[in-house]
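Enquirer: Below is one structure. I have some questions about it.
The values are calculated or read from the model by the stated rules, or taken from the named source; none is laboratory data. Being a predicted model, the structure only gives us computed values, none of them experimental. Cβ coordinates were reconstructed from backbone atoms using ideal geometry, including for glycine residues, and neighbour counts include every protein chain displayed.
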């Protein structure tokens, strides 16, 4: 059974397949926040982003996955799809 937000081997493998590298727990936990923000305010709240998360956001910017931040956040369709695939595997029990 999949536990909520658990970084399992299948999540690590999927991240390597989709992103080219194995994500860590902090990156996995940042993805639902990004998804939520894109569906709502479409900007980052810098008061809730910590140092390790800022590094991940910088990496995503360098890779061309996202643009902007507190004044307005943009995300590529490809990265949106990747986040959703990874979140499905890490938050939803796929026992059906």
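Enquirer: List the pairs whose first member sits in the stretch 26-46 and is under 14 Å from residue 70 (Cα atoms), whose second member is in a helix (DSSP H, G or I), and whose Cβ atoms are under 7 Å apart, counting only residues at least 6 apart or on separate chains?
Expert: Taking only residues 6 or more apart or on different chains, the pairs are 34/83; 43/37; 44/37.
Enquirer: While we're looking at this one, here's another question. Could you list all residues from the stretch 40-83 that are in a helix (DSSP H, G or I) and within 16 Å of residue 20 (Cα to Cα)?
Expert: We begin by selecting, within the stretch 40-83, every residue in a helix (DSSP H, G or I); these are 46-48, 51-62, 77-83.
Across the stretch 40-83, the qualifying residues are 56, 59, 60, 61, 62, 78, 79, 80, 81, 82, 83.
Enquirer: Which residue is surrounded by the most Cβ atoms within 10 Å (Cβ to Cβ), if the candidates are limited to the stretch 1-43 and must be farther than 18 Å from residue 82 by Cβ and modelled with pLDDT of 95 or more?
Expert: Within the stretch 1-43, the match that is surrounded by the most Cβ atoms within 10 Å (Cβ to Cβ) is 43.
Enquirer: Sort through 7, 87 and tell me the only one that's in a helix (DSSP H, G or I) and touching a residue at least 12 places away in the same chain (Cβ under 8 Å).
Expert: 87
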